[in-house]
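Structure first, commentary second.
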Amino acid sequence: IGNYSDGNLVASLLSYKLGITQCNIAHALEKTKYPESDIYWKNYEDKYHFSCQFTADLIAMNNADFIITSTYQERAGSKHTVGQYESHTAFTLPGLYRVVHGIDVFDPKFNIVSPGADMTIYFSYNEREKRLTSLHGSIENLLYDPEQNDEHV
């Protein structure tokens, strides 16, 4: 599981290297916080390194098996605002590269997990008595079985 641009890129590289599932959580995609930061990326490069950050975001999000967002608006925006992920659909960093098909905000890999978790479902890892241990074998097969078949897809 990666978090933020740098953590997501590291998670992406580790996932690729180890052949394991990758999850992204990117609560602070900077592209929407700084209007026109893609067009004027060179003006911000010394301070924010947007060229690296936006590139890391694209690589990690496109390689992720699933992405967690807090709200639909974070993902795809609203009638009047652009979503944090939506801003990565298509953009240009002049003199560096152009993104034509960046992130598909309607990809089923996006999952919304709202703040304020239900404590009957989400609990501390050390509360072993709450774990559904009867599912461990099935989960391990799903995640680690080298054979891919219709049951695992």
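Taking amide H as placed 1.01 Å from N in the peptide plane, I67 has its amide H under 5 Å from the amide H of N24, F110, N111, each at least 5 places away in sequence or on another chain.
For the chain, find the longest principal axis of its Cα atoms and tell me its angle to the long axis of helix 4-18, 0 to 90°, nearest 10. Once rounded, one gets 50 degrees. Each Cα pair under 8 Å and six or more residues apart adds its separation to the average, and for segment 2-117 the resulting relative contact order is 27 percent.
Using the structure shown, select from K42/K79; K31/K79; K33/K79; K31/K109; K79/K109; K17/K109 the pairs with a Cα to Cα distance greater than 27 angstrom. With Cα atoms farther than 27 Å apart: K42/K79. Relative to the longest principal axis of the Cα atoms of the chain, the long axis of helix 50-63 lies at roughly 30 degrees. With contributions of -39500 (n - 2.57) from each DSSP H run of at least four residues, the per-residue ellipticity at 222 nm computed over the chain stands at -10000 deg cm²/dmol. Annotation: amide H of T89 within the under-5 Å range of I103, sequence separation 5 or more or interchain, hydrogens built in the peptide plane. In terms of the mean number of neighbouring beta-carbon atoms within 10 Å, the peptides 74-84, 51-61 order highest first as 51-61, 74-84.
A short reminder: the numbers here are calculations on the coordinates, not readings from a lab. None of the values given here were measured: they were computed from a predicted structure. Heads up, the Cβs are rebuilt from the backbone with ideal geometry, glycines too, and the neighbour counts pull from every protein chain shown.
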